Amino acid sequence: MDGNIVNDEWISYLAKAGAVLDDRQVRHFGNPEQERRAAANNTILVPLTHLSLIRARGEEATAFLNNQLSNDVRQVDDAHGQLAAYCTAKGRILAIFRIFRRDGHYLLQLPASLQNCILERLRKYVLRAKVTLESADQELCSIGVSGPDAPGIMQEITPSIPDGDDACLTQNGITVLRLPGVHPRFACAAPTSTAITLWEELSPKAVKAGPGTWVWLDIMAGLPTILPETSEAFVPQMVNLELLSGVSFEKGCYPGQEIVARMHYLGKPKQRMVRAHVSGEAASPQPGDAVYAPGLRGQAAGRVVVAQPAPGGGYDLLAVIQTSRIADGSLSLHSETGPRLEVQALPYTVPTPESSQGVL
C-alpha cells in the first residue's frame, strides 16, 4: 500500500470543511480567484494534498540517501531541512525533494504525481542496505500557512516557531518547517487526527485556499517544482538549485554528480531558470511547454517548469531559458508569435553569463 495513496480520512474531513474535490483531490474552497488574491495579500491556510511524503528509515538511511541525492543529507537534523535533487546518471533531475526529520526518520516531500515512480526507482538501489522506503501519506498530512500574520497565528498553536528558511522543529506532534516566500511561510506535517485539530484551530484565523495558491507562492519564491512533464529535462543548475542550497559540491558521489560538478567547476549553465508573467487567460502555460525567442528558426529557447494563474490575471511561471536570450525581452509562449513573456526579478541573485568562466 505504497505510493500516492489518498488519505481518505483527511480528504473526507476537508470536503466537509468546504474543499471542492476533483478525482479525490482538493482543488479549491469555492472561489479560486479570491483565494489567489488572498495568497498575495493576506494569510492563507492550505491543505498540501498536491504533495506526498516518502519515509526513509533504518540505520543506513543517512548513507543511502547521501549516496543518491545532490545535497549532503548528513546536514539534515531535527532543526534543519534542505532541498535536494534526485538525478539520473546524466545529471538530469528526476525529482526535487524537501527533506526533513521527524521521529528519527527522514521524510522526503515531493509532488504526489511523482511518488509512485520515484519510490520504485529508489528501492531498486537499496540492495542490502539497512534502509526501508515507504509512503507516509496514510499516516501524515501536510498543511501550509502563509501571510503577514502567519508567525503570530502559528505561535498561538505551537510553543515556538522555526526561525530562518529551512529551519524546522517538532512540537506536540506537529513538525513545522520555515519556507521562503513573499510573506512568512510555514509547512506543517502531523498525524491525521492532529492535522484535523490543527486545521480547526487555524481556519478561523486565515483564508482557506487550494493547493494551487501554494504552488504560486513557490513560483514567487523562485522554488522549482519538477513534475512528470519535466522529469529528466533539467540539470540542477538550470533550475537554480545550487543557488537555493540544494546541491553540495563537497560531499561524495551520487548519480549525475560528475556532470553537475563539471558544470560548476569548469563551465557555466547555458540555461537558467527565470520568473515571468504572461497576460491573458487563454495563454494557459503548462509544465514542459516551449518558450520561443526570435532568430532560432522555430527552435525553442526554453521550457516552462511550472505555472499558476496570477492573482491579478494572466499567469505567473518559472521557465528555463537559454541565458543568451533572457535579456532581449522578446520571449514568447508556444510559438514565436505566441503570448509575450515578461521576465521578472527573482528574490535571489542569479549569476550573469559574464560573471562565469568558461563554457559548458
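So here's what we get for this one:
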| quantity | calculated |
| --- | --- |
| In range of the label at residue 139: residues from segment 71-115 whose backbone nitrogen is under 13 Å from the point 7 Å along Cα→Cβ | 102-108 |
| The chain, relative contact order in percent, only Cα pairs under 8 angstrom and at least six apart counted | 19 |
| Nearby aspartates and glutamates by direct alpha-carbon distance to residue 205 (threshold 18 angstrom, same-chain neighbours under 8 apart not counted) | 35, 149, 156 |
| Segment 267-355 shape via C-alpha gyration tensor axes, a/c threshold 1.5 | oblate |
| Cα-based equivalent ellipsoid of the chain: semi-axis lengths in Å, sorted from largest, via gyration tensor | 31, 27, 18 |
| Overall Cα dimensions of segment 3-131 - principal axes, largest extent first, Å | 49, 33, 29 |
| Residue range of the chain that is longest and free of trypsin sites (Lys or Arg not before Pro) which are both DSSP loop and sparsely packed (at most 16 other C-beta within 10 Å) | 131-269 |
| Loop-exposed chymotrypsin sites (Phe, Trp or Tyr not before Pro) per DSSP, neighbour cap 16 Cβ within 10 angstrom, longest uninterrupted part of the chain | 1-124 |
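Read-outs: derived from the displayed coordinates by stated rules, not from any lab. Every value quoted in this text rests on a predicted model; they were computed, and no experiment measured them. Every residue, glycine among them, receives a Cβ derived from its backbone with ideal geometry; neighbour counts consider all protein chains shown.
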